[in-house]
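Heads up, the thing below is written out as structure tokens.
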Amino acid sequence: MQQTLYFIRHGEPLEAGRLLGSTDMPASASGNEQVFACLQVCDPIVQVISSPLQRCQTVARAFCESAGLPLQIDPRLSEMDFGDWDGQSYEALWQSTQSPGIGDFWQSPWQHTPPNGEPMSAFHLRLSDWWQQFTTTPSSQNIAIVTHAGVIKQLLAIWLGLPEGFDMHLSRLEIGYAKVIKVTVFFDETGRAWPKVVF
């Protein structure tokens, strides 16, 4: 049995140049239009799952209403919470002399947690838990997931079997706004899921 999943990053936010994690800034109209178009060209899907944040949920809900599909909102698919840095401009964060700084975090995110933010280990664990639960029941239904770049990068580490704490891929992969990552999941005779990232 094989299932196809389409992980779609939200569109460009209404205001660019800010570190957006849990900050609930909506996407721009053009950003939502791009994601809507991506959803339209996915192979026939039976369901959409979305992060609860506006930049994901708004377009996911609009698409499901137009297509007559069920929408599931899952808080575990929210972006990482950057704590005191969340919502701040990148310019201000780079100018800050606070320690740890954003440069420390980008270089070693598992070792440096944003002040009052979500540790990378906790972020990774909630996505690992989501993936394990999601693949518990084998399915052949195609599903689209509207979420965030950080979420997709953590899931990529899980799909590729990278060791926990590995972070080299985080700064070397760029997932643009409204970009689609296609994943096929093969379920063997024991029900175990074998994901494959399709380019």
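The values are calculated or read from the model by the stated rules, or taken from the named source; none is laboratory data. What you are looking at is a predicted structure, and each value in this text was computed from that prediction instead of being measured. Cβ atoms come from the backbone with ideal geometry, glycine included; neighbour counts cover every protein chain shown. The protein model used for the area step is the full one, side chains on, heavy atoms only, and it has no ligands, DNA or RNA in it. Shrake-Rupley method; radii C 1.70, N 1.55, O 1.52, S 1.80 Å.
Key figures
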quantity: Protection proxy ranking of 121-132, 155-166 - average other beta-carbon atoms within 10 Å, highest first; calculated: 121-132, 155-166
quantity: Accessible area (Å², 1.4 Å probe, nearest 10) - residue 1; calculated: 110
quantity: Inverse of mean 1/r across different Cα pairs in region 46-154, Kirkwood, Å; calculated: 15.6
quantity: 18 Å Cα-Cα reach of residue 182 towards aspartates and glutamates, excluding residues that sit fewer than 8 places from it in its own chain; calculated: 43, 174
quantity: Mean Cβ neighbour count within 10 Å, used as a protection proxy, ranking 33-40, 14-21 highest first; calculated: 33-40, 14-21
quantity: Extension gain, residue 111 back to residue 184 (0.36 nm per residue minus Cα-Cα distance, nm); calculated: 23.1 nm
quantity: For region 65-199, with +1 on Lys and Arg beta carbons and -1 on Asp and Glu, the positive-most of 73, 190, 149 along the dipole; calculated: 190
quantity: Solvent-accessible area, 1.4 Å probe, carbon plus sulfur percent, for region 81-169; calculated: 49
quantity: Helical mean residue ellipticity (222 nm; -39500 (n - 2.57) per DSSP H run of 4+; nearest 500) of the chain; calculated: -10000 deg cm²/dmol
quantity: Answer label, with Kirkwood radius over Cα pairs in Å calculated from the coordinates and candidates (i) 16.5; (ii) 18.6; (iii) 17.4; calculated: (iii)
quantity: Inter-part distance where region 33-104 and region 105-136 are each reduced to a Cα centre, Å; calculated: 16
quantity: Debye, to nearest 20: dipole size of region 57-199, +1 on Lys, Arg Cβ, -1 on Asp, Glu Cβ; calculated: 500
